[in-house]
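Structure first, then comments.
The values are calculated or read from the model by the stated rules, or taken from the named source; none is laboratory data. In this text the structure is predicted, and so the values were computed from the model without any measurement. Cβ: placed from backbone, ideal geometry, glycine included. Neighbour counts: every protein chain shown.
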Amino acid sequence: MINLTWKIGGEAGFGIMTTGHMFSKIAVKHGYKIFDYIEYPSLIRGGHNVYEVRVSDEEIYSQEKKVDFLFALNKETYDLHKEEVREGGIIVYNSDNFKLNTGEKERNVAIYSLPLSKIISDIGAQKVMENNVALGATIAILSMEINALYLIIESIFRKKGQEVIDKNKEAAKAGYEYVTKNPPDGFDHKLLPRKAEPQIIATGNEAAGMGAFVGGCQFFVAYPMTPSSALLHIMAMYGEKYGVVVKHAEDEISVMNMAIGASYAGARSMIGTAGGGFSLMVEGLGLAGITETPVVVMVGQRPGPATGMPTWTSQGDLQFVIHAAQDEFPRIVLTPGDINEVFWLTAEAFNLAEIYQTPVFILTDKYLLESHASVPVFELNQVKINRGKLISFEEGDIAENYLRYKVTEDGIPKRALPGMKKALFIANSYEHDEYGWSTEDPKERVRQVDRRARKLETFKKTISKQNVYGDTVADLSIVAWGSTKGPVLQAMKDIKGRSDKIKVNFLHITHAWPFPADCVGDFLMKAKRTMIIESNSYSQMGLLIREQTGFDIKNKYLKYDGRPFYPEDIQNKIMEVINL
Amino acid sequence: MCETHNMIQTNLYDSKSPTWCPGCGDYGIWASLRTSLNQLGWGAEKYAVVYGVGCSGNMTDFIKCHGFHSLHGRAVPNAEGIKLANHELTVICEVGDGDCYGEGGNHLLHAMRGNADIKVLVHDNRVYGLTTGQTAPTSPSGFKSKSTPQGVIELPVNPLSFAITQGASFVAQGFAGDTIYLIKLITEALSHKGFALLNILQPCVSFNKFYGYAYYKERIYRLEEDNHNPESKEEALKRVMQDETRIPLGIIYKKERPTYQDQVGVLAKGTLVKQPMNNPKEFTSLLNIFTENPL
């Protein structure tokens, strides 16, 4: 098995993000799978940025702690990350930026000095092209094909003309040739090209964007907030081409209310935000609930409360999203675990919102939204659009005695739209009767509350199963939700690689609300030992499980330092619990 | 003034009975809106009314039409969303002064900047009526109310100068006690292409007795009888910056400019809700942007 982690670090402004993303593409072009992860502070320039790409010829699910190839553009990167480099690894450093004493090489780690600035000035190129020198050098060190980088440069700069393309290629070539002439000692990892199928490389934001377009989104409105701003950018960039009206509204209150207005008028609507922005939307969420207006809400979690740690990860908003807004109304909360699930659940969220005429959440986090992973190309013919009980304009023009909030057995009434001649109704933020007229009648109130609640019961029948991974009979049963899926699966895979005797299984919750109590209860009932893993300090999913099933999961691995879970740490926890 | 029309919308009168206090200015606004809609001859499919929360918003139950009873302060963004989804609809907001100039002031500012093609009819009674008499953003300094027994410290907002300077393409003022003129102004506002703000002076007979019918009747005058040029921003501003010895009614400022929806490329193909949804297969080109082919 080939497994290699390449990590580049330096000051913001070098183009670390672009460089890292390009390396991910280069690796996929060589037929490998990738998972990448970025760390950066909430600053535009300065500060320490790190981008790591894990490359493998097998399925990989997360980043890892150890590094095989560290590219240190500045001294800080070297100081902070040199210990992460595995035996047999290499540290490439920009020797025009800082000097290393010869005594630095204590372990079996190759040190390679690359004079980035000199190489760039020798060919008369601009400083901004240094990242191509770095990638050219990386390719040579890993015995990869320089042509892969050329192809990527051509596609990035296609619109800027041949001269720009040629200059960037020249920089790449200069880095490549420097290494060819001065090959490193004591490093023999190679990423030779392999045969493979085309792969999508996407972040969670990009996968959600693709899911939204494919799922029939017609109206997208947002206010920028890390970690979901990139979703707004994607929708804005491709909206015009694919027929989506995209609006950057004045605040999150307006975002939610514009989406509700557009959806009331019949457009499939979505909004994207983070926990802080969602706080402002809570009032409007209740409006969507009582008027039974479909809306898809993506919430990207980051550590809070208030501004918290903007560029770091968290799973601290689960209970908030499940309970937000006064009183009770149905909502659906989906918690995708990887890029593939983000895509499919986002596309499906539009159907669910319209079928059940209620808000549907995609609850995710910085870790999933800003990390790239390679996945097989989504099969578009699997996408189905289902608009539920929405009536056509033809039907609405001749409807007699139409009742928007009619009490039905499954709780779901027929939905009409403004612009229809006969199917009139009031979408009313006050409690209302079947037509929509305001009412304070106790019987009408109870009928409407009960009917709205029945919609969720109807939905619940469709989500009886959640995915279980690993051994049927296990020494330890893990429960996790959302993006924690990746590190857990990676830890399970790594444990299997070490010993076949350790039996672990894992229930991953992708449908957090309405809570799949039967399925989770059943899994826990059969478990010998249990452990919950999540990114918050209260164990919010653990509390929910206890509330909904009566099971109290005693072993908890909780992390709330803003950093994602690492499979190495999860492995240690697994061993700890099993050996108790 | 009940004129006979061929296209009377019977549904407009098929509703619950109003619950406003006897003598409330809201009756005049209610009657004027329904009359205007009838005069325009619009069927129910032509428009939607978004109501804020307050005495004004209670009109929801007194008109049978496509209605959306929003939250306090949020009618404007709801209306903007409706308009972008289906720009064939005329979208009317029935809101109050506390609702629209207080709680929802930020939305109003940005809707005007964009010339969002919505018609905002503000019931301006200078007090909070439904919550039984607290100060409003339009109450004058020194105004004593349940929430300000020592008198209001702030200056009142001037919604008209705000609208003129922040991008509204139609700014007018009416009076609930002069329904004949109000019908005309509502019709003008509803027929305007672009953002229309119609501030309607509305006596609240229960909680703001000072600003009653008599107060306004002594001060109002019609701009069209006073040699006013509504195309001039400077002239419009002068009219609304005067003290209250004379209160202008009529179209204060009107200048057409492209609406928000006119400038959204996607909508050139027709209303969003009537555009056919793409076949999922048409997104192959989108997926290709994110796809890498092996060497």
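Do the conditions hold for A:Leu287, that is, is it surrounded by fewer than 22 Cβ atoms within 10 Å (Cβ to Cβ), hydrophobic (A, V, I, L, M, F, W, C) and more than 23 Å from B:Pro276 (Cα to Cα)? Steps first, please.
On the way: surrounded by fewer than 22 Cβ atoms within 10 Å (Cβ to Cβ): no; hydrophobic (A, V, I, L, M, F, W, C): yes; more than 23 Å from B:Pro276 (Cα to Cα): yes.
The answer is no for A:Leu287.
Sort out which residues of the stretch A:421-449 are hydrophobic (A, V, I, L, M, F, W, C) and in contact with a His (Cβ under 8 Å, 6 or more places away or on another chain), and write them in order of number.
A:Leu424, A:Phe425, A:Ile426, A:Ala427
Considering A:Ile271, A:Ile260, which residue is more than 10 Å from chain B (Cβ to nearest Cβ), modelled with pLDDT of 95 or more and over 30 Å from A:Arg54 (Cα atoms)? Before the answer, list the steps.
On the way: A:Ile260 fails: more than 10 Å from chain B (Cβ to nearest Cβ).
A:Ile271 is the lone residue from the list that is more than 10 Å from chain B (Cβ to nearest Cβ), modelled with pLDDT of 95 or more and over 30 Å from A:Arg54 (Cα atoms).
Given the conditions (1) within 12 Å of chain B (Cβ to nearest Cβ); (2) assigned to a helix (DSSP H, G or I), which single one is not true for A:Ala196?
Single failed check for A:Ala196: (2).
One line per residue, one yes/no per condition, for (1) within 14 Å of another protein chain (Cβ to nearest Cβ); (2) in contact with a strand residue (DSSP E or B) (Cβ under 8 Å, 6 or more places away or on another chain); (3) farther than 18 Å from B:Phe195 by Cα:
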| position | (1), (2), (3) |
| --- | --- |
| B:Lys217 | no, no, yes |
| B:Pro230 | no, yes, no |
| B:Gly250 | no, yes, no |
| B:Arg257 | no, no, no |
| B:Asp262 | yes, no, no |
| B:Leu272 | yes, yes, yes |
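Any chance the stretch B:94-102 includes a residue that's buried (at least 23 other Cβ atoms within 10 Å of the Cβ), within 11 Å of chain A (Cβ to nearest Cβ), closer than 28 Å to A:Ser263 by Cβ and in contact with a Phe, Trp or Tyr (Cβ under 8 Å, 6 or more places away or on another chain)? Can you show your working first?
The first filter runs over the stretch B:94-102 and keeps only residues buried (at least 23 other Cβ atoms within 10 Å of the Cβ), leaving B:94-101.
Checking which are within 11 Å of chain A (Cβ to nearest Cβ) leaves us with none.
Checked the stretch B:94-102: no residue is buried (at least 23 other Cβ atoms within 10 Å of the Cβ), within 11 Å of chain A (Cβ to nearest Cβ), closer than 28 Å to A:Ser263 by Cβ and in contact with a Phe, Trp or Tyr (Cβ under 8 Å, 6 or more places away or on another chain).
For the structure I just gave you, tell me whether A:Phe69 is under 24 Å from B:Glu292 (Cα atoms), away from chain B (no Cβ under 14 Å) and more than 23 Å from the chain's Cα centre (by Cα).
Values: under 24 Å from B:Glu292 (Cα atoms): yes; away from chain B (no Cβ under 14 Å): yes; more than 23 Å from the chain's Cα centre (by Cα): yes.
Against the criterion (under 24 Å from B:Glu292 (Cα atoms), away from chain B (no Cβ under 14 Å) and more than 23 Å from the chain's Cα centre (by Cα)), A:Phe69 qualifies.
Can you go through B:Ser70, B:Ser139 and tell me which one is within 9 Å of another protein chain (Cβ to nearest Cβ) and of a type outside the set (A, V, I, L, M, F, W, C)?
Values: B:Ser139 fails: within 9 Å of another protein chain (Cβ to nearest Cβ).
Among B:Ser70, B:Ser139, only B:Ser70 is within 9 Å of another protein chain (Cβ to nearest Cβ) and of a type outside the set (A, V, I, L, M, F, W, C).
Taking the condition touching a Lys or Arg at 6+ places or on another chain (Cβ under 8 Å) and of a type outside the set (Phe, Trp, Tyr), does B:Thr271 pass?
no
From the list A:Ile38, A:Ile2, pick out the single residue that is within 23 Å of A:Glu130 (Cβ to Cβ) and either touching a residue at least 12 places away in the same chain (Cβ under 8 Å) or out of contact with any Lys or Arg (no Cβ under 6 Å at 6 or more places or on another chain) (or both). Walk me through how you get there before you give the answer.
Values: A:Ile2 fails: within 23 Å of A:Glu130 (Cβ to Cβ).
Criteria check complete, one pass: A:Ile38.
Looking for whichever is surrounded by fewer than 22 Cβ atoms within 10 Å (Cβ to Cβ), at pLDDT 95 or above and not acidic (Asp, Glu) here; the options are A:Pro336, A:Pro310. Which one fits? Before you say what the answer is, go through the steps one by one.
Details: A:Pro336 fails: surrounded by fewer than 22 Cβ atoms within 10 Å (Cβ to Cβ).
Testing whether each residue is surrounded by fewer than 22 Cβ atoms within 10 Å (Cβ to Cβ), at pLDDT 95 or above and not acidic (Asp, Glu) leaves just A:Pro310.
State all residues of the stretch A:431-471 that are surrounded by fewer than 16 Cβ atoms within 10 Å (Cβ to Cβ), of a type in the set (Asp, Glu), more than 29 Å from the chain's Cα centre (by Cα) and not in a loop (DSSP other than H, G, I, E, B); if no residue qualifies, say none.
A:Asp450
Out of A:Glu240, A:Glu252, I need the residue that is surrounded by fewer than 24 Cβ atoms within 10 Å (Cβ to Cβ) and more than 23 Å from B:Leu287 (Cα to Cα). Which one?
Numbers: A:Glu240 fails: more than 23 Å from B:Leu287 (Cα to Cα).
Result of the check over A:Glu240, A:Glu252: A:Glu252.
Taking the condition at the interface with chain B (Cβ under 8 Å from one of its Cβ atoms) and of a type outside the set (D, E, K, R), does A:Ala222 pass?
Details: at the interface with chain B (Cβ under 8 Å from one of its Cβ atoms): no; of a type outside the set (D, E, K, R): yes.
Spelling it out, it is not the case that A:Ala222 is at the interface with chain B (Cβ under 8 Å from one of its Cβ atoms) and of a type outside the set (D, E, K, R).
Of the residues A:Ala474, A:Ala527, A:Ala512, which is outside any helix (DSSP H, G or I), within 26 Å of A:Val360 (Cβ to Cβ) and assigned by TED's automatic domain parsing to the domain that holds A:Lys559?
Numbers: A:Ala474 fails: within 26 Å of A:Val360 (Cβ to Cβ); A:Ala527 fails: within 26 Å of A:Val360 (Cβ to Cβ).
Exactly one of A:Ala474, A:Ala527, A:Ala512 is outside any helix (DSSP H, G or I), within 26 Å of A:Val360 (Cβ to Cβ) and assigned by TED's automatic domain parsing to the domain that holds A:Lys559, namely A:Ala512.
Taking the stretch B:235-264 only, how many residues are closer than 30 Å to A:Ala249 by Cα, of a type in the set (D, E, K, R) and assigned to a helix (DSSP H, G or I)? Before the answer, list the steps.
Within the stretch B:235-264, the first condition is being closer than 30 Å to A:Ala249 by Cα, and the residues that meet it are B:236-237, B:240, B:251-264.
So of that shortlist, the ones also of a type in the set (D, E, K, R) come out as B:254-257, B:262.
Next, from what is left, pick out any that are assigned to a helix (DSSP H, G or I): B:262.
Result for the stretch B:235-264: 1.
Among the residues that make up the stretch A:371-384, is at least one of them under 28 Å from A:Asn536 (Cβ atoms) and part of a helix (DSSP H, G or I)?
No: zero hits.
Just for the stretch A:362-381: of the residues that are touching a residue at least 12 places away in the same chain (Cβ under 8 Å) and either of a type in the set (Lys, Arg) or within 23 Å of B:Asn278 (Cα to Cα) (or both), which one is surrounded by the most Cβ atoms within 10 Å (Cβ to Cβ)? Even if it seems obvious, please write down each step before you answer.
At the first step, the residues of the stretch A:362-381 found to be touching a residue at least 12 places away in the same chain (Cβ under 8 Å) are A:362-378, A:380.
Within this subset, residues satisfying the condition of being either of a type in the set (Lys, Arg) or within 23 Å of B:Asn278 (Cα to Cα) (or both) are A:362, A:366, A:376-378, A:380.
Working: A:Ile362: 29, A:Lys366: 27, A:Pro376: 10, A:Val377: 14, A:Phe378: 24, A:Leu380: 17.
Filtering the stretch A:362-381 for residues that are touching a residue at least 12 places away in the same chain (Cβ under 8 Å) and either of a type in the set (Lys, Arg) or within 23 Å of B:Asn278 (Cα to Cα) (or both), the one surrounded by the most Cβ atoms within 10 Å (Cβ to Cβ) comes out as A:Ile362.
Is it the case that the stretch B:121-130 has a residue that's outside any strand (DSSP E or B) and acidic (Asp, Glu)? Spell out the reasoning first.
Taking the stretch B:121-130 and keeping what is outside any strand (DSSP E or B), we get B:125-126, B:129-130.
Right, trim to acidic (Asp, Glu) and you get none.
Within the stretch B:121-130, none of the residues are outside any strand (DSSP E or B) and acidic (Asp, Glu).
Within the stretch A:419-427, identify whether any single residue is over 15 Å from A:Glu292 (Cβ atoms), surrounded by fewer than 20 Cβ atoms within 10 Å (Cβ to Cβ) and more than 11 Å from chain B (Cβ to nearest Cβ), and answer yes or no. Outline the logic, then answer.
Our first condition is that a residue be over 15 Å from A:Glu292 (Cβ atoms); within the stretch A:419-427, this holds for A:419-422, A:424.
This time we only want the ones that are surrounded by fewer than 20 Cβ atoms within 10 Å (Cβ to Cβ), so: A:421-422.
If we keep only those that are more than 11 Å from chain B (Cβ to nearest Cβ) as well, we get none.
The answer is no, given that none of the residues of the stretch A:419-427 is over 15 Å from A:Glu292 (Cβ atoms), surrounded by fewer than 20 Cβ atoms within 10 Å (Cβ to Cβ) and more than 11 Å from chain B (Cβ to nearest Cβ).
Give the residues of the stretch A:157-193 that are surrounded by fewer than 20 Cβ atoms within 10 Å (Cβ to Cβ), part of a loop (DSSP other than H, G, I, E, B) and within 14 Å of another protein chain (Cβ to nearest Cβ), sorted by residue number.
Within the stretch A:157-193, A:Leu192, A:Pro193 qualify.
Of the residues that make up the stretch A:61-73, is at least one surrounded by fewer than 20 Cβ atoms within 10 Å (Cβ to Cβ), under 24 Å from A:Leu368 (Cα atoms) and of a type in the set (Val, Ile, Thr)?
no
Could you tell me whether any residue of the stretch B:28-44 is under 15 Å from the mean Cα position of the chain (by Cα), buried (at least 24 other Cβ atoms within 10 Å of the Cβ), within 9 Å of chain A (Cβ to nearest Cβ) and farther than 16 Å from B:Gln202 by Cα?
no
How many of the residues making up the stretch B:73-93 are within 7 Å of chain A (Cβ to nearest Cβ) and either surrounded by fewer than 24 Cβ atoms within 10 Å (Cβ to Cβ) or under 24 Å from B:Ser191 (Cβ atoms) (or both)? Spell out the reasoning first.
Applying the first criterion (within 7 Å of chain A (Cβ to nearest Cβ)) to the stretch B:73-93 yields B:74, B:77-82, B:84-86, B:88-89.
Retained after the next criterion (residues that are either surrounded by fewer than 24 Cβ atoms within 10 Å (Cβ to Cβ) or under 24 Å from B:Ser191 (Cβ atoms) (or both)): B:77-82, B:84-86, B:88-89.
The number of residues fulfilling the criteria is 11.
Listed residues A:Ile139, A:Ile111; which is of a type outside the set (S, T, N, Q) and farther than 22 Å from B:Pro294 by Cα?
Details: A:Ile139 fails: farther than 22 Å from B:Pro294 by Cα.
Being of a type outside the set (S, T, N, Q) and farther than 22 Å from B:Pro294 by Cα holds for just one of A:Ile139, A:Ile111, which is A:Ile111.
So, in the stretch A:431-453, exactly how many residues are of a type in the set (Ser, Thr, Tyr) and in contact (Cβ under 8 Å) with a residue 60 or more places away in the chain?
To start, the set of residues in the stretch A:431-453 that are of a type in the set (Ser, Thr, Tyr) comprises A:435, A:438-439.
Next, from what is left, pick out any that are in contact (Cβ under 8 Å) with a residue 60 or more places away in the chain: none.
Of the residues in that region, 0 qualify.
So which of A:Gly266, A:Gly276 ends up being at the interface with chain B (Cβ under 7 Å from one of its Cβ atoms) and over 15 Å from B:Val264 (Cβ atoms)?
Numbers: A:Gly276 fails: at the interface with chain B (Cβ under 7 Å from one of its Cβ atoms).
The conditions single out A:Gly266.
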